[in-house]
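Just so you know, all these numbers are worked out from the coordinates, no wet-lab data involved. These figures come from a predicted structure and were not determined experimentally. For neighbour counting, all protein chains shown are included, and Cβ atoms are generated from backbone atoms with ideal geometry for every residue, glycine included.
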Number of protein chains: 2
Amino acid sequence: MQIFKYVGLSLLASSLLLGASDLSNKATKAGLKAIPADETVLSKLIDPNKTISAEKVELGKKLYFEPRLSKSGIISCNTCHNLGMGGVDGVAAAVGHKWTANPHHLNSPTVYNAVFFAAQFWDGRSPHLEDQAQGPMQAGPEMAAPKSLVEERVNSMPAYVAEFKKAYGNDVKIDFETITSTIGIFERTLVTPSRFDDFLNGQKDALTDAEKEGLNTFIDKGCTTCHSGIALGGSMQPFGITAKYKHENVGDFKGDKNKMVKAPTLRNITETAPYYHNGAIWDLADAVKEMGRIQLGLALTDDEVAKIVTFLGALEGRKPEIAYPQLPKSTATTPKPDFN
Amino acid sequence: MQIFKYVGLSLLASSLLLGASDLSNKATKAGLKAIPADETVLSKLIDPNKTISAEKVELGKKLYFEPRLSKSGIISCNTCHNLGMGGVDGVAAAVGHKWTANPHHLNSPTVYNAVFFAAQFWDGRSPHLEDQAQGPMQAGPEMAAPKSLVEERVNSMPAYVAEFKKAYGNDVKIDFETITSTIGIFERTLVTPSRFDDFLNGQKDALTDAEKEGLNTFIDKGCTTCHSGIALGGSMQPFGITAKYKHENVGDFKGDKNKMVKAPTLRNITETAPYYHNGAIWDLADAVKEMGRIQLGLALTDDEVAKIVTFLGALEGRKPEIAYPQLPKSTATTPKPDFN
């Protein structure tokens, strides 16, 4: 224990010696990236295929908040990825149709900044948001809606049909793929720049001294090995490298076929408890400490953990303003809610 | 049947003869009232005790969208009274905690314009919105949260505590009554002026000829007996006066101790299917026809029903713009979600 105290002190010293631009350079060299402040650059990043338009985003937002895309008619994307709660539901394992918890005890990941992930879902099986949106809508314990039901519901409401035509042209086929990819397009816009980005983008005083200190510790301890890039995470990584996760027995998820687990983004992490793929850890300091132990083989001191947690607070982002949408009304042909 | 046709024709003639101001006067005499266009007048109506302030409304909005006021942490007021869906959930009987349907098979009434109701709940047991908000939060099949849990959750989040202090002063006691009455204060603002109001407020062309015709039929047939006032409903009325409701056996609700049932508001009625206290009728025309039969002893013709339905469409209101709120983050002391 004693030795870590000294390491802690020496880190404190080193980061105080580091100027803001040196620390910013160090962060960049460690693979950390800012959300670009330049709108054009950001736009190319989140929308490389130029699919975004104001009409599609507005329509996608409605669909994101649309509970009638679920079999019951009362669960929307926003139920588990609540845009007012850091993009999550704040429960350990997602609970959906028929009050069923996720059968693998998987925690709902945040939708904020998910556009920056290399892969979607904890097992990384989905390449992008448009594809990802197809999953929960159909999954039995989530929204439980067959493709045909989703298509029938949307097509039964003239106001939706009109909006799809406005967004895609009169020949649009309003099928499951178009519906879900429109949601994905909306989700691409859910980006939350933070003071950390301001700092990397050159605003030297955007972080407090304590946060700079924490960032330095974060880098020196090797957290950036997995939590790098714009998302500070979002890519598939080996899990439990140096020790077995202490809550391994909560749920049955053991990673993808290569035993890899997606590293969650650390953006807004202070708002998205509980943590880990199985939501088994509620306390952020506890989560950081466990990461050190099982991923880096480090017994992080309480002081080091506290510094890192202080830095993580600077990743709380500015959320896009979202006008709560008025949804089209059901019609005589809209398939009825089904709770079974 | 033949005789009703002639009545229909004579009504058509009479309303075409009536000028817009005559029809407006006729509506007023029949007890229909506009949402006042004058902000000061409206403000006195919705806020007689001057409890509304910008801070309380903003806080009340957060609490309205706050799923952590439910035992599970995933059901908010907005789940069943969805502000994007006419203030309702669009299902026959509300489904809440543990996927439990309302045990009396009661349909969720709209929150929009509920400030104008003489009584809250289908049995009218609650005098106002501040009181009403206490019910669903505690009800086992709804949000299922004991008072103490609601209080602990809110008080565990410093951002909420700060907002309560800002709204009520530093000495505020953040108890269940204050929390629920703050929600009620927000709900007082959920007023939706429509083209019907514009018409009554003097804008003669705010209604189409067909809608004026429908309004005339609505009055002449006696619908205003129960559906009057600003809410076009919202007061306790005898139910099944001239015949037995055809879906009487759906659920066990037979009215309050005097067998009275609250007449629902007709504002936004085109957006709030299914209808009746037990949500047993999905089609608005069917609902109108049944009303004629069981409340007025009238066999309304399809033509008359269609006219009335056309008028009801003019009651679709302009919804207040609602910025989706960012909710405070949970802390270490926030009681965890409980799905049991």
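Across the identical copies, the label point of B:THR208 (7 Å from Cα in the Cβ direction) is separated from its matches by 6.1 nm, in order from shortest. The modelled label-to-label distance for the pair A:LYS257/A:ASP175, using points 7 Å beyond Cα in the direction of Cβ, is 2.6 nm. Non-local lysine pairs in region B:67-178, meaning eight or more places apart or on different chains, with alpha-carbon distances under 23 Å, amount to 8.
Couplings 3J(HN,Hα) of region A:80-92, computed from phi: 9, 10, 6, 5, x, 10, x, x, 9, 9, x, 10, 5 Hz, in residue order, whole Hz [Karplus 6.51 cos²θ - 1.76 cosθ + 1.60, θ = phi - 60°; x for Gly and Pro].
The distance from the alpha carbon centre of region B:151-173 to that of region A:144-191 is 41 Å, rounded to a whole number. Quick check: net charge around A:PRO146, other residues with Cβ under 10 Å of its Cβ, Lys/Arg +1 and Asp/Glu -1? Residues near A:PRO146 contribute 0 overall. For A:LEU32, the residues whose amide H sits under 5 Å from its own are A:GLY229, ignoring neighbours fewer than 5 places away on the same chain, with H placed 1.01 Å from N. When both region B:291-320 and region B:32-99 are represented by their alpha-carbon centers, they are found 26 Å apart. Counting only C-alpha contacts under 8 Å and six or more residues apart, can you give the relative contact order of region B:122-264 as a whole percent? The value is 27 percent. Applying a DSSP loop filter and a limit of 15 other Cβ atoms within 10 Å to the GluC sites (Glu not before Pro) in region A:295-329 leaves A:GLU321.
Phi angles across region A:128-135 convert, under the Karplus curve 6.51 cos²θ - 1.76 cosθ + 1.60 with θ = phi - 60°, into 3J(HN,Hα) values of 7, 4, 4, 6, 4, 4, 6, x Hz, Gly and Pro given as x. If you take all other residues with their beta carbon under 10 Å from the beta carbon of A:GLY317, and give Lys and Arg +1 and Asp and Glu -1, the sum is +1.
Label-point spacing for B:LYS246 across the identical copies (point 7 Å from Cα in the Cβ direction), in nm and ascending order: 6.4. Each of B:ASP22, A:ASP197 was scored by other Cβ atoms within 10 Å of its Cβ. Listed from fewest to most, they are B:ASP22, A:ASP197. Take each peptide in A:52-58, B:39-45, B:265-271, A:290-296, count the other Cβ atoms within 10 Å of every residue, and average; sorted highest first, the result is B:265-271, A:290-296, A:52-58, B:39-45.
Counted residue by residue at 0.36 nm each, then reduced by the alpha carbon distance between them, the extension gain from A:SER148 to A:ASN340 reaches 67.5 nm. One Cα centroid belongs to region A:198-229, the other to region A:233-289; the line between them spans 21 Å.
Site pair A:ALA118 and B:ARG318 shows an inter-label distance of 5.2 nm when each label is modelled 7 Å from Cα along Cα→Cβ.
Backbone phi angles across region B:230-244, fed through the Karplus curve with coefficients 6.51, -1.76 and 1.60 (θ = phi - 60°), yield HN-Hα couplings of 5, 6, 6, x, x, 10, 6, 9, x, 10, x, 6, 9, 6, 7 Hz in residue order; Gly and Pro are listed as x. Each copy carries a label point for A:GLU55 at 7 Å from Cα along the beta-carbon vector; from one copy to the others these points are 4.6 nm apart, nearest first.
Charge tally for B:LYS98 (other residues, Cβ to Cβ under 13 Å; Lys, Arg +1; Asp, Glu -1): 0.
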